[in-house]
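Have a look at the structure below, then the notes.
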Amino acid sequence: MEVNFEWLEDHIFHRHLDADEQSVLAESIQVSEFKKGDVLIEEGEHSDGLYLLYSGRAGVLRDSHGERVRVSEVGEGAQLGDMAIFDDEPSSATVAALGECVAYKLSRQALGHLMANQPDMSKDIMMNTIRQLAGIIRKMNSSNAYSQQFIYGRSV
């Protein structure tokens, strides 16, 4: 399967990629296919790359008292593994395919090369990271407000 540059432009970079940028990405991206239950990222392990979910859905799972609990579900356009890549800590969750999935992977080395040599693409990837994290924080704030209201009753 080849890299879909139009999809990358629409979902990740939010701009047109020129021929040189496409060439760099074609050499940098590994296309991986996953079946239901396949693990993309394992909680507690150091991430080997940044995943861009091209198609399908994946569950975000956390170990809790010896049991895996799904804390979230992500779909097309999700960027996965970014926290572990950027803070160099072990992955905070397991990500497993909920069905057939295709993901574009930028290895740690490929991402480092982009950061050092492709400032525009690096900025775009970082902006995508910020957009995704902002969405997660908004969702957490909403869930937290609902939980607080449920626990304590009406607003204070």
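The values are calculated or read from the model by the stated rules, or taken from the named source; none is laboratory data. Bear in mind that the values here come from a model prediction, so they are computed numbers and not experimental data. Because the Cβ atoms are built from the backbone with ideal geometry, glycine has one as well, and the counts that use them run over all protein chains shown.
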Q.
Taking the criterion of being under 20 Å from the mean Cα position of the chain (by Cα) and either acidic (Asp, Glu) or farther than 17 Å from Leu8 by Cβ (or both), would at least one residue in the stretch 146-155 satisfy it?
A. no
The strands (runs of 3 or more DSSP E) lying entirely within the stretch 59-146 that contain at least 3 residues which are without any contact (Cβ under 8 Å) to a residue 40 or more places away in the chain and aliphatic (A, V, I, L, M) are 67-74
Within the stretch 58-99, the residues that are among the charged types (D, E, K, R) and over 22 Å from Trp7 (Cβ atoms) are Arg62, Asp63, Glu67, Arg68, Arg70, Asp87, Asp88, Glu89
Of (1) in contact with a Ser or Thr (Cβ under 6 Å, 6 or more places away or on another chain); (2) over 15 Å from Gln30 (Cβ atoms), Gly81 fails just (2)
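Filter the stretch 23-48 down to the residues that are among the hydrophobic types (A, V, I, L, M, F, W, C) and assigned to a loop (DSSP other than H, G, I, E, B) and list them by number.
None; the set is empty.
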When (1) modelled with pLDDT under 90; (2) surrounded by 13 or more Cβ atoms within 10 Å (Cβ to Cβ) are applied to Asp88, the one that fails is (2)
Over the stretch 6-22, the set of residues surrounded by fewer than 17 Cβ atoms within 10 Å (Cβ to Cβ) and closer than 19 Å to Leu53 by Cβ is Glu6, Trp7, Glu9, Asp10, His14
Is it true that Gly135 is surrounded by fewer than 16 Cβ atoms within 10 Å (Cβ to Cβ), at pLDDT below 90 and on the phi > 0 side of the Ramachandran plot?
no
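Out of curiosity, is Leu52 in contact with a helix residue (DSSP H, G or I) (Cβ under 7 Å, 6 or more places away or on another chain), among the aliphatic types (A, V, I, L, M) and either in a strand (DSSP E or B) or surrounded by 14 or more Cβ atoms within 10 Å (Cβ to Cβ) (or both)?
Here the answer is yes, as Leu52 does meet what is asked.
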The residue that is nearest to Phe86 (Cα to Cα), considering only those in the stretch 23-37 that are more than 16 Å from the chain's Cα centre (by Cα) and surrounded by 15 or more Cβ atoms within 10 Å (Cβ to Cβ), is Ser28
- Can you find even one residue in the stretch 11-22 that is touching a residue at least 12 places away in the same chain (Cβ under 8 Å), within 19 Å of the chain's Cα centre (by Cα), under 13 Å from Tyr104 (Cβ atoms) and not in a helix (DSSP H, G or I)? no
### Message
Could you go through the stretch 61-69 and let me know if any residue there is of a type in the set (Asp, Glu) and surrounded by 13 or more Cβ atoms within 10 Å (Cβ to Cβ).
### Response
no
